[in-house]
Amino acid sequence: MIVEILHRVHFAAPWADRVQRNARSRGEALSHRERGFSLVEVVVTMVVLSVGLLSLAPLMMAVVRGNRFAQNMTLATSLAEDRMEEILHNPVYADITEANFPSESQGQVHYGDPKYSKFTRSVTIVDSLNVLMQSMMKNVTIDVSWWGLSQKTVSVTLYGRVARF
């Protein structure tokens, strides 16, 4: 639509006077298409279009923020699941301790990969006894956190149990 408006203005303006004189000499009225658009019409159209597009700017910023939050949530969940898989697939039950799966601060998660530099990952492993099944269990809690856009800590927590029969 903008291209069409500018196209009409550009091509109608140079010949407008000649077409108008020829039409007047023949006693014909000029159609709107032959006359083109006035400068006032073009300016009003541009103002309306500008206001409409500027009103969409906050919406676009909200969409960008939402996408960034979703990306961080996905990465944090993936980091928590990776650590849980390492713990659950450990072949030696006695090796499942916090000492063998230490907490990682910002910049250390995933071997210092810059993609994960904003995350911290902590692991808590607590021994417990399942009285009904007469077995030892380890309750595993993995917490991955990062600073959100509003300078608040956002975290993903994953819980699991490892049993020894």
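How many of the residues in region 72-96 are closer than 13 Å to R161 by Cα and not assigned by TED's automatic domain parsing to the domain that holds S117?
0
For every residue, the table says whether it meets (1) loosely packed, with under 12 Cβ neighbours inside 10 Å; (2) among the acidic types (D, E); (3) touching a strand residue (DSSP E or B) at 6+ places or on another chain (Cβ under 7 Å).
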{"position": "V92", "(1), (2), (3)": "yes, no, no"}
{"position": "S117", "(1), (2), (3)": "no, no, no"}
{"position": "L129", "(1), (2), (3)": "yes, no, yes"}
{"position": "K138", "(1), (2), (3)": "no, no, yes"}
{"position": "W146", "(1), (2), (3)": "no, no, yes"}
{"position": "T153", "(1), (2), (3)": "yes, no, yes"}
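Each row is one residue, and each column tells you yes or no for (1) closer than 18 Å to T157 by Cβ; (2) touching a Ser or Thr at 6+ places or on another chain (Cβ under 9 Å).
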residue: T45; (1), (2): no, no
residue: V48; (1), (2): no, no
residue: L54; (1), (2): no, no
residue: I87; (1), (2): yes, no
residue: S105; (1), (2): yes, yes
residue: D113; (1), (2): no, no
residue: T120; (1), (2): yes, yes
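Go through region 57-73 residue by residue and tally those that are free of Cβ contacts under 8 Å to residues at least 40 places away in the same chain and within 15 Å of G148 (Cβ to Cβ).
Qualifying residue count, region 57-73: 6.
For A99, are the conditions met, namely being surrounded by fewer than 16 Cβ atoms within 10 Å (Cβ to Cβ), in a helix (DSSP H, G or I) and over 25 Å from the mean Cα position of the chain (by Cα)?
No; evaluated as a whole, the condition is false for this residue.
The values are calculated or read from the model by the stated rules, or taken from the named source; none is laboratory data. It should be emphasised that the depicted structure is a prediction, and the values quoted were computed from it without experimental measurement. Every residue, glycine among them, receives a Cβ derived from its backbone with ideal geometry; neighbour counts consider all protein chains shown.
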